[in-house]
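*Asks:* Before anything else, here's the structure in question.
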Amino acid sequence: MCTCVFLLGIIIFKSRVVPRFIGYFIAIVGLCCFFDNTGSLLIPSYQIYKELIENILSLPMALGELVLAIWLI
């Protein structure tokens, strides 16, 4: 899922129909999602820091999805 969101951001960035900044936002959403999901695989003590990492990454994720939703409306 995260890879798909990142690739969607790249496709939106290269598109001439959708503004480029939305592509940036969606690519950042994909990267945040990727880091959040792979943290449990790469970091042994991820459960200790999970809440902090999710709180930090949730703001760009929510902002990117909100920007795309507003543009789509």
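The values are calculated or read from the model by the stated rules, or taken from the named source; none is laboratory data. If you're wondering where the values come from, they're calculated on a predicted model, not measured in any experiment. Cβ atoms come from the backbone with ideal geometry, glycine included; neighbour counts cover every protein chain shown.
*Asks:* Give the number of residues within the range 41-62 that are in contact with a helix residue (DSSP H, G or I) (Cβ under 8 Å, 6 or more places away or on another chain) and either of a type in the set (D, E, K, R) or surrounded by fewer than 12 Cβ atoms within 10 Å (Cβ to Cβ) (or both).
*Replies:* 3
*Asks:* Same structure again: Being within 21 Å of residue 59 (Cβ to Cβ) and of a type in the set (A, V, I, L, M) is the filter here; which residues of the range 16-33 pass it?
*Replies:* Those that are within 21 Å of residue 59 (Cβ to Cβ) and of a type in the set (A, V, I, L, M): 22, 26, 27, 28, 29, 31.
*Asks:* For residue 36, only one of the following conditions fails: (1) assigned to a helix (DSSP H, G or I); (2) at pLDDT below 90; (3) exposed (fewer than 14 other Cβ atoms within 10 Å of the Cβ). What is its number?
*Replies:* The number of the failed condition is (3).
*Asks:* State whether the residues of the range 15-25 include one that is modelled with pLDDT of 90 or more, in a helix (DSSP H, G or I) and touching a Leu at 6+ places or on another chain (Cβ under 8 Å).
*Replies:* Within the range 15-25 (the criterion being modelled with pLDDT of 90 or more, in a helix (DSSP H, G or I) and touching a Leu at 6+ places or on another chain (Cβ under 8 Å)), the answer is yes, since at least one residue qualifies.
*Asks:* Another one. Name the single residue, out of those in the range 24-73 being touching a Ser or Thr at 6+ places or on another chain (Cβ under 9 Å) and of a type in the set (D, E, K, R), that is nearest to residue 12 (Cα to Cα).
*Replies:* Once the filter is applied, the top-ranked residue is 36.
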